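Read the structure below first, then the notes.
The values are calculated or read from the model by the stated rules, or taken from the named source; none is laboratory data. Please read all numbers here as calculations on a predicted model, not as lab measurements. Ideal geometry is used to build each Cβ from the backbone, glycine not excepted, and the neighbour counts take in all protein chains shown. What goes into the accessible areas is simple: the full protein's heavy atoms, side chains included, and nothing from ligands, DNA or RNA. Shrake-Rupley method; radii C 1.70, N 1.55, O 1.52, S 1.80 Å.
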Amino acid sequence: MKRQHKLIEYANGPSLEEINGKIDVPKNIGFWRTLFAYSGPGALVAVGYMDPGNWSTSITGGQNFQYLLMSVILMSSLIAMLLQYMAAKLGIVTQMDLAQAIRARTGKSLGIVLWILTEFAIMATDIAEVIGAAIALYLLFHIPLVIAVFITVFDVLLLLLLTKIGFRKIEAIVVCLILVILLVFVYQVALSNPNWGQVFAGLVPTGETFSNSKTVAGMTPMSGALGIIGATVMPHNLYLHSAISQTRKIDHSDSDDVARTVKFASLDSNIQLTAAFFVNALLLIMGVAVFKTGAVKDPSFFGLYQALSNTSTLSNGLLIDVARSGVLSALFAVALLASGQNSTITGTLTGQVIMEGFVHMRMPLWLRRLVTRLLSVIPVLICVMLTSSKSAIAEHEALNDLMNNSQVFLAFALPFSMLPLLMMTDSAAEMGKRFKNTLWIKGLGWLSVIGLTGLNLIGLPSQVEGFFGNNPSKGQLGIADTIAWILIGAILALLTWTVIELRRGNQRYIAQQAAKD
């Protein structure tokens, strides 16, 4: 039911009601045709695992530590597959997205707190997209950065166009953009002829993978690993997947039809996340094989673009010949722009999901996008204006630092999506005996949630220190550590509140079901 209030409506109906259950899937059409019919939502989810926030961490990690952090990319991708499987299953079985499910089992106050927290996480992701898209426009068309930042606001017009063509076509466009990104990096890595033996050896973690003893260019393997994990596993993707997994028509009275949907939605997700793994792996391989070790002093997108056209930084003779034509750097900028546009679609849908789910409010997608983008543009514009009178490298480093520092909100918000997701999909009351997590999924899920939460909390002090620049004073380090410990305390207190409310809500639901029976 809903009551209209001009641009903002009350909403307490199905998740993303305009597209919920709108896509028919014929039965008895064979495995591959069925998989194709279910394919699409996984691509929208995979976009979040290869957005501009991932690029710098993977390439810089490869430059600094060779193939050591390949295992971190693999582990992050496997954890992502597990979490996204549970998110899709939650949406399909319960007919609620993650935000709706949390709100249904908790109080209004906690719902508002978690909504605000997740909004900050979405905004942090959007800041990376603004920076990536603005830099791509600057590099490709030489548009001044301030103007390029403003131009990114007008991607709301792209969203308006896409909403008119149907969700299935949006899925196809996203898949095409993913293929553009993948093919660009396959081409560049193929030209670089990396040491594939070392690449595959790097997929196995060692004691050095999470070490703090070795420092290269101000980065340790531990900080590099935390950067990759933080940029890979993002909270908003869990909300998004639990909503868009409901776009196919399902007969919920037929458990076999529900099971079929869960199966093919999981296959779709895993295939697309495998593509995201390859993109991130190719980015790290680029850092190792394309550039000479330590040759790229500017790790920002500007520096990487310039390095791809600067023959003195490249490590392969064939690459050097291609670089002289400017093809390598141009392709890099095209892939960066494609990545930013992909995230425009998914970020807006996620924002609508959490607003409807947590606070039961809905606004048009174009307005939602415009508000989020304008808020995200403000810190980027301030950063550009404050550094406009300084050197180009100072401006590049400031933008890169802003993008990296904004990711602190992702580390803060991630446990509050992972933990409720795991608790709900572990519950027979919520999922039914057939669809609740199996013992091994439950074990791997808790291992992943505890591990990721622990790593994010361990890495929080260094992330807060990043707000004070590359060379903070002793006093600034003390302030940063104090802030970090306050944040850690707040996270643990809020997690405790969330767990208690979810358990109480689950017990109430079980009692209600028993009373009906």
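What angle, in degrees between 0 and 90 and rounded to the nearest 10, separates the Cα long axis of helix 70-94 from the longest principal axis of the Cα atoms of the chain?
20 degrees
Apply 1/(1 + (r/R0)^6) to the Cβ-Cβ distance of GLU17 and LEU447, taking R0 = 30 Å, and write down the FRET efficiency to the nearest 0.05. Each step should come with its number before you reach the end.
Numbers: r = 36 Å, r/R0 = 1.20.
Step by step, r from the Cβ atoms, then E = 0.25.
Let a ≥ b ≥ c be the square roots of the eigenvalues of the Cα gyration tensor of the stretch 324-394; is it rounded (a/c under 1.5), or, if not, prolate (a/b larger than b/c) or oblate? All intermediate terms of the calculation are to be shown ahead of the outcome.
Values: a/c = 4.19, a/b = 1.62, b/c = 2.59.
The shape class here is oblate.
Just how large is the dipole of the chain about the Cα centre, in debye to the nearest 20, putting +1 at every Lys and Arg Cβ and -1 at every Asp and Glu Cβ? Please list the in-between numbers first.
On the way: 35 positive and 29 negative charges, 211 e Å.
So the dipole magnitude of the chain works out to roughly 1020 debye.
With a point put 7 Å past each Cα toward its Cβ, work out how far THR482 is from LYS214 in nm, to one decimal.
Between THR482 and LYS214, the label points sit 3.7 nm apart.
Based on the mean of other Cβ atoms within 10 Å per residue, sort peptides 170-178, 254-262, 122-130 so the most packed one is first. Don't skip to the answer; put the middle values down first.
Numbers: 170-178: 19.2, 254-262: 16.1, 122-130: 25.6.
So the order, starting with the most tightly packed, is 122-130, 170-178, 254-262.
To the nearest 20 debye, what charge dipole does the stretch 399-469 have about its Cα centre, counting +1 at the Cβ of each Lys and Arg and -1 at the Cβ of each Asp and Glu?
Working: 4 positive and 4 negative charges, 99 e Å.
The dipole of the stretch 399-469 has a size of about 480 debye.
Quote the FRET efficiency, to the nearest 0.05, computed for ILE393 versus THR206 with a Förster distance R0 of 41 Å and r equal to the Cβ-Cβ distance.
Details: r = 34 Å, r/R0 = 0.84.
Computed FRET efficiency for ILE393 and THR206 comes out at 0.75.
Would you mind checking the tilt of helix 327-359 against the longest principal axis of the Cα atoms of the chain, expressed as 0 to 90 degrees and rounded to 10?
The helix 327-359 is inclined about 30 degrees to the chain.
Using modelled backbone amide H atoms (1.01 Å from N, in-plane), which distant-in-sequence or interchain residues come within less than 5 Å of MET361's amide H?
ALA11, GLU356
Ignoring ligands, DNA and RNA, how do SER242, SER391, SER223 rank by accessible area with a 1.4 Å probe, largest first?
Details: SER242 0, SER391 70, SER223 45 Å².
The ranking, largest first, comes out as SER391, SER223, SER242.
Taking square-rooted eigenvalues a ≥ b ≥ c of the alpha carbon gyration tensor, is the stretch 408-517 rounded, prolate or oblate, where a/c under 1.5 means rounded and, failing that, a/b exceeding b/c means prolate?
Details: a/c = 4.83, a/b = 2.52, b/c = 1.92.
Prolate, because a/c is 1.5 or more and a/b exceeds b/c.
If amide H atoms are built 1.01 Å from N in the plane of the peptide, which residues on other chains or at least 5 residues away come under 5 Å of the amide H of ASN437?
ASP426, SER427
If amide hydrogens are placed 1.01 Å from N in the peptide plane, which non-local residues have theirs closer than 5 Å to the one on VAL216?
Answer set, sorted by chain and number: none.
Given the Cα atoms of the chain, and with Rh set as the inverse mean 1/r over their pairs in the Kirkwood sense, what is Rg to Rh to two decimals? Working shown, then result.
Working: Rg = 22.5 Å, Rh = 23.5 Å.
My calculation puts Rg/Rh at 0.96.
With the crude spin-label approximation of a point 7 Å out along Cα→Cβ, what separation in nm comes out for TRP440 versus ILE510?
Label-label distance for TRP440 and ILE510, simple model: 2.7 nm.
Enter the angle in degrees (range 0 to 90, nearest 10) between the Cα long axis of helix 167-192 and the first principal axis of the Cα atoms of the chain, meaning the one along which they spread out most.
Rounded to the nearest ten degrees, it is 30.
On a 27 Å Cα-Cα criterion, which of the cross-link pairs LYS169/LYS442; LYS27/LYS433; LYS214/LYS474; LYS433/LYS516; LYS27/LYS89 come out too long? The partial results should precede the final answer.
Numbers: LYS169/LYS442 35 Å; LYS27/LYS433 25 Å; LYS214/LYS474 21 Å; LYS433/LYS516 18 Å; LYS27/LYS89 20 Å.
Pairs exceeding the cut-off: LYS169/LYS442.
What are the ³J(HN,Hα) values, in whole Hz, obtained from phi via the Karplus relation 6.51 cos²θ - 1.76 cosθ + 1.60 with θ = phi - 60°, for each residue of the stretch 412-418 in sequence order, with x given for Gly and Pro?
With the stated coefficients, the stretch 412-418 comes to 5, 8, 4, x, 7, 9, 5 Hz.
Please say if the stretch 410-454 is rounded, prolate or oblate, where rounded means a/c under 1.5 for a ≥ b ≥ c the square roots of the C-alpha gyration tensor eigenvalues, and otherwise the choice is prolate for a/b larger than b/c and oblate otherwise? Mind showing how you got there, number by number?
Values: a/c = 4.27, a/b = 1.78, b/c = 2.40.
The shape class here is oblate.
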